[in-house]
Each structure stands twice: as structure tokens, then as C-alpha cells.
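Heads up: the structure comes next, in C-alpha cells.
Bear in mind that the values in this text are calculations on the coordinates, not laboratory data. Just so it is clear, the structure is predicted and the values come from calculations on it, not from any experiment. Neighbour counts are summed over all protein chains in view; Cβ atoms, including those assigned to glycine, are modelled from backbone coordinates with ideal geometry.
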């Protein structure tokens with residue numbers, strides 16, 4: 001996903017270090033703290049109010065802002081694209097999978113929230129050794145997983161009650177979406193293309209976030225024969241026969257026009273080519289699986305089935 005740009009200077013990454021130099025790095029920064037934090041359970045309100053929170057995971061940032069707790073955040077990763085002011089106003093700790101432990105520690109955090117997949121492992125190991133409280137957030141990609149994610153974030157930052165309300169309203173939106181999906185006819189086939197490099201498509205197969213959002217929108221993943229995000233051959237694209245191609249609107253080589261896409265031999269031979277059915281959507285909105293996901297799935301549904309009236313959801317995902 002696109003890393004985005006921020007006006008705040010980005011923290012630079014350090015290289016992996018051996019165990020002795022880990023201690024040296026922590027001592028030099030003066031940030032080693034007793035390893036008792038995180039053993040005391042969920043923070044009290046008074047404890048939480050003094051937190052200096054650093055976030056690695058765009059959806060985690062989104063939930064914290066939805067809960068009105070953004071003033072306690074001192075740093076976010078470059079996937080924190082919503083709301084836009086997050087990257088404008090907070091220190092940018094870099095890409096979620098390429099964090100610098102020294103850069104994170106320089107912000108003197110008392111709490112670090114890590115989404116599944118945050119890394120690299122050496123950086124996470126150093127951060128764990130520092131003794132700061134770390135909460136790992138499971139990146140569930142189902143309606144139930146989204147509710148668990150929201151509640152876990154709320155508990156971690158001492159905002160369990162508003163998080164429970166947000167999770168309940170998000171669940172209500174998912175139920176509304178279920179009703180819209182039940183009114184659809186034949187499922188159309190959608191192919192999510194993450195990127196195109198030298199004409200080779202990297203697509204979202206089964207058990208990917210793309211697969212999850214396509215299912216929520218009432219369609220069938222044309223790349224279901226593939227596991228996760230992997231390249232797809234021209235022959236496989238033709239055989240998959242997608243009715244529509246889905247791409248992210250933000251980020252470098254993610255942005256491809258319909259003319260460019262359907263000029264490629266494989267895509268020119270798909271049902272989607274007849275009407276140049278290519279849809280772009282914001283990456284975090286589409287694949288973040290947070291409070292806005294029911295609305296994203298509804299918007300995607302409207303794009304897949306333009307001949308069907310898909311009303312807006314009436315429940316809003318707010319605390």
C-alpha cells in the first residue's frame with residue numbers, strides 16, 4: 001500500500017545489530033525502562049492519559065482517531081493515511097514492515113501498538129527488549145475480526161467503552177450490508193490487481209484482504225485459485241474471466257488507466273475489457289478492515305453492480 005508523504009521529517013531506519021549493540025543502543029538513547037509495563041494488564045484511565053503512543057498500522061491509527069484519542073499519539077507509520085492529518089501532524093516512523101527501532105524509541109513512547117505483520121523481526125526484538133509496553137493487534141479481515149480489532153485497540157489505550165460502542169455500530173453496518181448483498185443476483189467475478197510490473201499482474205487470491213472485501217461486496221474473487229498475493233500468468237487471467245478489474249487509486253504503479261490495462265494481451269481477452277470495467281478505490285479504505293469497511297464494501301458493490309440500486313448505509317461507524 002502507498003506509504004504517503006508527511007511534512008514531519010521521517011525517522012531514518014537503522015541497520016540490524018547484534019545483541020551487545022542492542023543494549024548499547026538502548027543505553028545511548030536513555031530509554032531502557034523496567035520490563036514491568038505490559039505485565040500489569042489494561043491501563044487505568046489515569047495511566048492511559050499519560051501515554052505517548054506510537055502506532056504501526058494504518059487501521060490502528062484510524063480507530064484511535066475515530067475514538068477521539070489522537071492527542072496521545074506521537075508517531076504513526078506511513079500507511080496511516082486516514083485521516084490525512086495523522087501523517088501531517090505526527091512523526092512518521094516509516095513503513096509498517098520496515099520500522100527503525102531506534103527511530104521509534106527516539107519518540108520516547110510508553111505504548112507501541114503493532115498490527116499483524118509489523119516488522120522487521122530484528123526491530124521488534126529490540127523494541128521488546130526496551131521494556132516499553134507493546135500491544136499486538138490481530139488484523140482480522142471478517143466482520144467479526146473487525147469488531148475484535150476495534151475492541152482490542154480500545155482496551156489497549158484505556159478507551160474500552162467508546163471502542164465497544166464503535167464496534168457495535170460497525171457490526172450494525174455489516175448487518176445492513178448483509179441485507180444489501182442478499183438482494184443481488186448472479187455473482188460477478190472481480191480480479192484485484194495490486195500492481196503491474198512489465199505487464200505482469202500481482203493479484204489478490206484467497207485469504208487476502210482483497211478476497212475479503214470482494215466477498216463482502218457480494219462478488220466472486222476471480223483469483224481464488226491463488227493463495228494470498230501472488231503473480232498471475234496471462235493464461236490464468238484469461239481463464240479467470242473477470243467481469244471487472246479492481247485496483248487501488250493511490251500509489252506509484254498501482255495507478256493504471258483502463259486504456260493501459262486493457263491494451264495488455266491478457267486483460268484484452270477478459271469480459272471486463274468489453275466495457276473497460278476498471279475501478280480504482282483508496283487502498284486503506286478498501287483493504288484496511290476498520291470502521292469504514294462496511295461503507296467501502298457498499299461502494300464496491302455499487303461499482304460491481306451499477307444496474308442495481310445500492311442505497312447508502314444508514315448506520316454510521318462513529319463512537
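Numbers below:
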read-out	value
For peptides 291-301, 88-98, sequence by mean Cβ density within 10 Å, most packed first	291-301, 88-98
Calculated FRET efficiency for the pair residue 116/residue 230, C-beta based, R₀ 22 Å, to 0.05	0.70
When region 189-304 is reduced to its Cα atoms, the Kirkwood hydrodynamic radius in Å	13.7
Theoretical FRET efficiency, 1/(1+(r/R0)^6), r = Cβ-Cβ of residue 106 and residue 84, R0 22 Å, to 0.05	0.35
Linear extension gain, residue 175 paired with residue 125, 0.36 nm per residue minus alpha-carbon span	14.0 nm
Per-pair calculated FRET efficiency, R0 = 25 Å: residue 144 and residue 182 via Cβ, rounded to 0.05	0.85
Peptides ranked, highest mean first, by Cβ atoms within 10 Å: ranges 175-186, 206-217	206-217, 175-186
Highest-first arrangement of 60-70, 266-276, where packing means the average Cβ count within 10 Å	60-70, 266-276
Antiparallel DSSP beta bridges within region 179-289, percent to nearest 5	45
Taking the C-alpha atoms of region 244-316, convex hull volume expressed per residue in Å³	87
